[in-house]
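Data first, discussion second: the structure below is written as structure tokens.
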Amino acid sequence: MDIHEHQAKELFKEYNIPVSSGVVAFSKEEIRQAINKVTGPIWVVKAQIHAGGRGKGGGVKVLSSPEEAIEVGEKMFGMNLVTPQTGRKGRIVNRVYIENGSEIEKELYLSCIVDRSTSKIAFIVSKMGGMDIEAVAKDAPHEITTVIIEPSQGVTDKDINKMSEAMELDNNLANQFSDLICNLYRFFIEKDSSLLEINPLIITKDQKLVCLDAKVNFDDNAIYRHPEIENLRDPNEEDQHEKEAAKYDLAYIKLDGNIGCMVNGAGLAMASLDIIKMYGGEPANFLDVGGGASKEKVT
Ligand code: ADP
Ligand code: MG
């Protein structure tokens, strides 16, 4: 399950993970009130959709007066935002987040996932933050460092040193960084998260680490343990077809193309999509009915 940036940041605060202060607006009218609560002198207006790359699509604007922030926020509300991650159709912006702008010295990359090859939690870091990490992985893979956490030990000093070296952090940031990693690790485990991505994690001009963006996913199989997270679900962000498929316990993801796929087994489904793409086609969906699907389930 995905949540919005503003929700992720609220959850982070409970774990003493540093974020900027901000206020969310659910309507054009609320934007004016929200801006009154953000002190400035830099205001950042951010479209809240379940997709990244908003900066590139015009969904993140850094402004120097509350009047400009109101104007930009009102325009952003209801707009169809197309980013490199939304697909061609884009997403309608139904909520806008207004937060205090930071003075950025450096943008870094930090994420935390379950590494499938080792079945352990891994942190992935890079000093090349703020940009498309897939592009960094392709063009400069040596700039990405993965640190696997040993579950019996938790995060060790050695793990933290390896990450801070890769990010070229000064010694005076060491304590902040160590607290940040330990708190993120605790969050990841306690909340049954499946992905935390902070891009960018910034160093401010006054030498503070701040999570400027926050993409957080939770393991659907564990949501029953977290009613507080279930409450954060945004039906506007959920595809109707995907919701219907979930009722029948089908792994279904809608895609943009015109070739429908019904496949038993996720590996075969992925391979089928690859083959379709290889021959210049566009799959309309990913549908894994499950390796052991019965006649009834397929029907
Ligand atoms: P996305 O990843 O969806 O494009 P981000 O939240 O990462 O959205 O914002 C894109 C860029 O906008 C950041 O890399 C940063 O340079 C700038 N930015 C975002 N939030 C702030 C903020 N609070 N203060 C200053 N700059 C910001
Ligand atoms: Mg980002």
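The values are calculated or read from the model by the stated rules, or taken from the named source; none is laboratory data. Remember, it's a predicted structure, so these values are computed and weren't measured experimentally. Counting neighbours? That spans all protein chains shown, and the Cβs are built from the backbone with ideal geometry, glycine included.
Quick check: is even one residue across the range 16-34 touching a residue at least 60 places away in the same chain (Cβ under 8 Å), more than 14 Å from ligand 1 (Cβ to nearest atom), under 20 Å from the mean Cα position of the chain (by Cα) and within 30 Å of M167 (Cα to Cα)?
Among the residues of the range 16-34, at least one is touching a residue at least 60 places away in the same chain (Cβ under 8 Å), more than 14 Å from ligand 1 (Cβ to nearest atom), under 20 Å from the mean Cα position of the chain (by Cα) and within 30 Å of M167 (Cα to Cα), which makes the answer yes.
Answer yes or no: is there a residue in the range 63-76 that is touching a residue at least 60 places away in the same chain (Cβ under 8 Å) and closer than 22 Å to E10 by Cβ.
Scanning the range 63-76, I find no residue that is touching a residue at least 60 places away in the same chain (Cβ under 8 Å) and closer than 22 Å to E10 by Cβ, so the answer is no.
Of all the residues that make up the range 207-229, how many are over 21 Å from Y97 (Cβ atoms) and either at pLDDT 95 or above or surrounded by 14 or more Cβ atoms within 10 Å (Cβ to Cβ) (or both)?
Total satisfying the criteria: 8.
Hey, among E197, E190, E237, which residue is modelled with pLDDT of 95 or more, closer than 30 Å to S102 by Cβ and out of contact with any Lys or Arg (no Cβ under 7 Å at 6 or more places or on another chain)?
One residue alone meets the criteria, E190.
Where residues in the range 277-299 are aliphatic (A, V, I, L, M) and more than 28 Å from the chain's Cα centre (by Cα), which of them is surrounded by the fewest Cβ atoms within 10 Å (Cβ to Cβ)?
Checking each candidate, the answer is M278.
Go through the range 1-34 and give me each residue that's in contact with a helix residue (DSSP H, G or I) (Cβ under 8 Å, 6 or more places away or on another chain) and among the aliphatic types (A, V, I, L, M).
Matches in the range 1-34: M1, I3, L11, I17, V19, V23, V24, A25, I31, A34.
Please go through (1) away from ligand 1 (no atom under 16 Å from the Cβ); (2) among the hydroxyl-bearing types (S, T, Y); (3) under 20 Å from the mean Cα position of the chain (by Cα) for T118 and return the number of the only condition it doesn't satisfy.
It fails just one condition, (3).
Any residue in the range 115-124 that is over 22 Å from K208 (Cα atoms), more than 16 Å from ligand 2 (Cβ to nearest atom) and either of a type in the set (V, I, T) or in a helix (DSSP H, G or I) (or both)?
Within the range 115-124, one or more residues are over 22 Å from K208 (Cα atoms), more than 16 Å from ligand 2 (Cβ to nearest atom) and either of a type in the set (V, I, T) or in a helix (DSSP H, G or I) (or both).
For the range 141-181, give me the residue count where each residue is part of a helix (DSSP H, G or I), out of contact with any strand residue (DSSP E or B) (no Cβ under 8 Å at 6 or more places or on another chain) and buried (at least 17 other Cβ atoms within 10 Å of the Cβ).
Looking only at that region, the number is 3.
Take the residues in the range 185-198 that are within 16 Å of ligand 2 (Cβ to nearest atom) and surrounded by fewer than 22 Cβ atoms within 10 Å (Cβ to Cβ); name whichever of them is nearest to D2 (Cα to Cα).
Among those that are within 16 Å of ligand 2 (Cβ to nearest atom) and surrounded by fewer than 22 Cβ atoms within 10 Å (Cβ to Cβ), it is L195.
Would you check which residues across the range 50-85 are of a type in the set (G, A, S) and within 16 Å of ligand 2 (Cβ to nearest atom) and list them?
Selection gives A51, G52, G53, G55, G57, G58, G59.
Out of the residues in the range 46-94 meeting the condition of being among the hydroxyl-bearing types (S, T, Y) and surrounded by fewer than 16 Cβ atoms within 10 Å (Cβ to Cβ), tell me which one is farthest from the chain's Cα centre (by Cα).
Among residues in the range 46-94 that are among the hydroxyl-bearing types (S, T, Y) and surrounded by fewer than 16 Cβ atoms within 10 Å (Cβ to Cβ), the one farthest from the chain's Cα centre (by Cα) is S65.
Residue-wise test of (1) more than 16 Å from ligand 2 (Cβ to nearest atom); (2) of a type in the set (S, T, Y).
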{"site": "K138", "(1), (2)": "yes, no"}
{"site": "T156", "(1), (2)": "yes, yes"}
{"site": "K162", "(1), (2)": "yes, no"}
{"site": "P200", "(1), (2)": "no, no"}
{"site": "L212", "(1), (2)": "no, no"}
{"site": "N217", "(1), (2)": "no, no"}
{"site": "R225", "(1), (2)": "yes, no"}
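Looking only at residues in the range 208-237 that are away from ligand 1 (no atom under 16 Å from the Cβ) and touching a strand residue (DSSP E or B) at 6+ places or on another chain (Cβ under 8 Å), which one is farthest from I17 (Cα to Cα)?
That would be N236.
Test of understanding: among D159, D115, which residue is farther than 23 Å from I253 by Cβ, acidic (D, E) and free of Cβ contacts under 8 Å to residues at least 60 places away in the same chain?
Sole residue among the options that is farther than 23 Å from I253 by Cβ, acidic (D, E) and free of Cβ contacts under 8 Å to residues at least 60 places away in the same chain: D159.
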